[in-house]
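Chemist: Take this structure, written in structure tokens, and hold onto it; I'll ask about it next.
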Amino acid sequence: MSVKIRLTRIGRHKDPFYRIVAADSRYARDGRYIEQIGTYDPELGQEKAAIDEELAIKWLKQGATPSDSVRAIFTAHGIMAKYTESKGKK
């Protein structure tokens, strides 16, 4: 099972809002997911995304691959830097 950290759309027509979730790569974009990590509103920008850092780092340590957009959000919040730092300590 390949786990990806990606966005699922829950907003209405022409008003997007996204959940950041860990999901099996075989599941549909807006389908089933394993765990919700946070939320992202593109109108507010990447810096205003609400993310549970502990969950995000936990999934990254377990081998989940973030999508390009999620990687950019994590980088803006410093989560990718914390993950690579914790990875180097081992």
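Chemist: Tally the residues that are of a type in the set (S, T, Y) and at positive phi, restricting the search to segment 39-90.
Modeler: Count: 0.
Chemist: I'd like to check which helices (runs of 4 or more DSSP H) are fully inside the chain and have at least 2 residues that are modelled with pLDDT of 95 or more and among the β-branched types (V, I, T). If you could, list the steps in order and put the result at the bottom.
Modeler: On the way: elements: 53-61, 68-77, 79-89.
In the chain, the matching helices (runs of 4 or more DSSP H) lie at 68-77.
Chemist: Sort through D52, D15 and tell me the only one that's under 13 Å from the mean Cα position of the chain (by Cα) and among the acidic types (D, E).
Modeler: D52
Chemist: With respect to the numbered conditions (1) closer than 24 Å to D15 by Cβ; (2) surrounded by 12 or more Cβ atoms within 10 Å (Cβ to Cβ); (3) more than 12 Å from the chain's Cα centre (by Cα), which one is the sole condition not fulfilled by T39?
Modeler: Failed condition: (3).
Chemist: Can I ask one more? Only one of Y40, Y27, Y83, Y33 is of a type in the set (F, W, Y) and free of Cβ contacts under 8 Å to residues at least 24 places away in the same chain. Can you tell me which?
Modeler: It is Y27.
Chemist: Where residues in segment 43-62 are open to solvent by 50 Å² or more (accessible area, probe 1.4 Å) and of a type outside the set (D, E, K, R), which of them is farthest from H77 (Cα to Cα)?
Modeler: Q62
Chemist: Those residues that are of a type in the set (D, E, K, R) and more than 18 Å from K4 (Cα to Cα), I need them from segment 36-90; list them, please.
Modeler: D41, E43, E47, K48, K82, E85, K87, K89, K90
The values are calculated or read from the model by the stated rules, or taken from the named source; none is laboratory data. Computed from a prediction, not measured in an experiment: that's the story for all the values here. Please note: Cβ atoms are built from the backbone with ideal geometry, for glycine as well, and neighbour counts cover all protein chains shown. Remember, those area values only see protein heavy atoms, side chains included, never the ligands or the DNA or RNA. Shrake-Rupley method; radii C 1.70, N 1.55, O 1.52, S 1.80 Å.
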